[in-house]
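Colleague: For reference, the structure I am asking about is given below.
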Amino acid sequence: MPTDEELALIDLAAATYRYAGAREAAMADRFGLSPTRFWQKVHALRVRGDVVAVRAGECRRLTSLAEARDAARGSSRSDLQAFPSP
């Protein structure tokens with residue numbers, strides 16, 4: 001079962017903001033996290049089954065955005081290897 005803080009992270013990530021920097025300010029104010037650490041946590045949560053069961057729409061939207069970003073970069077995370085063979 002996801003904690004209230006974990007669900008709040010997903011909600012914040014899925015929310016839309018009118019002004020640049022508003023989400024980053026909310027990350028720091030509410031959770032005391034840098035943007036990098038915030039997104040690391042969100043990406044780990046969006047694939048966890050118990051979180052998806054509670055926030056399916058938000059997780060699906062975040063996954064779709066991540067896949068679109070990866071496609072725009074011309075890479076797929078499944079193609080990346082931590083230690084490529086020589």
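Throughout, read-outs are computed from the coordinates displayed, never taken from laboratory work. Bear in mind the structure is a predicted one, so any value in this text is a computation, not a measurement. All Cβ positions, even for glycine, are placed from backbone atoms using ideal geometry, and neighbour counts span all protein chains on display.
Colleague: Across the stretch 1-18, which residue is surrounded by the most Cβ atoms within 10 Å (Cβ to Cβ) among those that are of a type outside the set (Lys, Arg) and assigned to a loop (DSSP other than H, G, I, E, B)? Reasoning before the result, please.
Modeller: Within the stretch 1-18, the first condition is being of a type outside the set (Lys, Arg), and the residues that meet it are 1-17.
Narrowing further to those that are assigned to a loop (DSSP other than H, G, I, E, B): 1-3, 15-17.
Working: Met1: 8, Pro2: 17, Thr3: 9, Ala15: 11, Thr16: 6, Tyr17: 12.
Ranking the candidates gives Pro2 first.
Colleague: Continuing with the same structure: Are there any pairs, at least 6 apart or on different chains, whose C-beta atoms fall under 9 Å, with the first in the stretch 46-71 and farther than 17 Å from Glu6 by Cβ and free of Cβ contacts under 8 Å to residues at least 40 places away in the same chain and the second exposed (fewer than 13 other Cβ atoms within 10 Å of the Cβ) and not basic (Lys, Arg), and if so, which?
Modeller: Glu67/Ser76; Asp70/Ser76
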